[in-house]
């Protein structure tokens, strides 16, 4: 009786492998067809992009500081304020080429890299004040980061902790609403941590 059972197992395994391989091959064929189409897409204007403007005058810039970390964060923010910044998180290069043209890809990647640097710098800058218990300044920075739809988990967690310290845990629901709409692989991890803070 063992041989028929083993034979059935082998047959099922073969059919499973064939089905999986076909699905993979079909997926790859579809990808390369889409990629070829994207590479042929002509350059289009970038006027419709949602460019991010940094409100330098509304952020807690300390012009008299000698702290090296603070100087670094502020310098980065000032440098980025004159750059073009666009949040393209979660959008593939293929989709960018299809929408804006292959010739624009390097430019779009530069805009997105600027966004990544901005989001990370804002989180570190906010953390600087958070660790020093200067919560008003930290909140100012971190809330701005949320408005540009940062996907840095620490940004949301620190802000949630500040809301709890201010006895406004209900504001965490607003953060959760924002995170639910983010196009990022970090979404579930951020939601999990925010709910932990909310229910603590």
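The values are calculated or read from the model by the stated rules, or taken from the named source; none is laboratory data. From a predicted model like this one, the values you see are computed outputs, not experimental measurements. Glycine also receives a Cβ, built like all others from the backbone with ideal geometry; neighbour counts cover every protein chain displayed.
Quick look at the numbers
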| item | result |
| --- | --- |
| Residue in segment 106-128 that is exposed (fewer than 14 other Cβ atoms within 10 Å of the Cβ), farther than 30 Å from residue 42 by Cα and assigned by TED's automatic domain parsing to the domain that holds residue 59 present | no |
| Selected residue (criterion: modelled with the lowest pLDDT) from residues of segment 18-53 that are in contact with a helix residue (DSSP H, G or I) (Cβ under 6 Å, 6 or more places away or on another chain) and not in a helix (DSSP H, G or I) | 41 |
| Qualifying positions in segment 68-96 - surrounded by 12 or more Cβ atoms within 10 Å (Cβ to Cβ) and either in contact (Cβ under 8 Å) with a residue 60 or more places away in the chain or part of a loop (DSSP other than H, G, I, E, B) (or both) | 81, 83, 84, 85, 87, 88, 89, 90, 91, 92, 94 |
| Residue in segment 162-185 that is touching a helix residue (DSSP H, G or I) at 6+ places or on another chain (Cβ under 9 Å), under 13 Å from residue 73 (Cβ atoms) and outside any loop (DSSP other than H, G, I, E, B) present | no |
| Residue 60 being within 19 Å of residue 147 (Cβ to Cβ), modelled with pLDDT of 95 or more and surrounded by 12 or more Cβ atoms within 10 Å (Cβ to Cβ) | yes |
| Test: residue in segment 36-55 that is over 18 Å from residue 148 (Cβ atoms) and surrounded by 16 or more Cβ atoms within 10 Å (Cβ to Cβ) | yes |
| Breaking point among (1) under 23 Å from residue 71 (Cβ atoms); (2) surrounded by fewer than 18 Cβ atoms within 10 Å (Cβ to Cβ), for residue 193 | (1) |
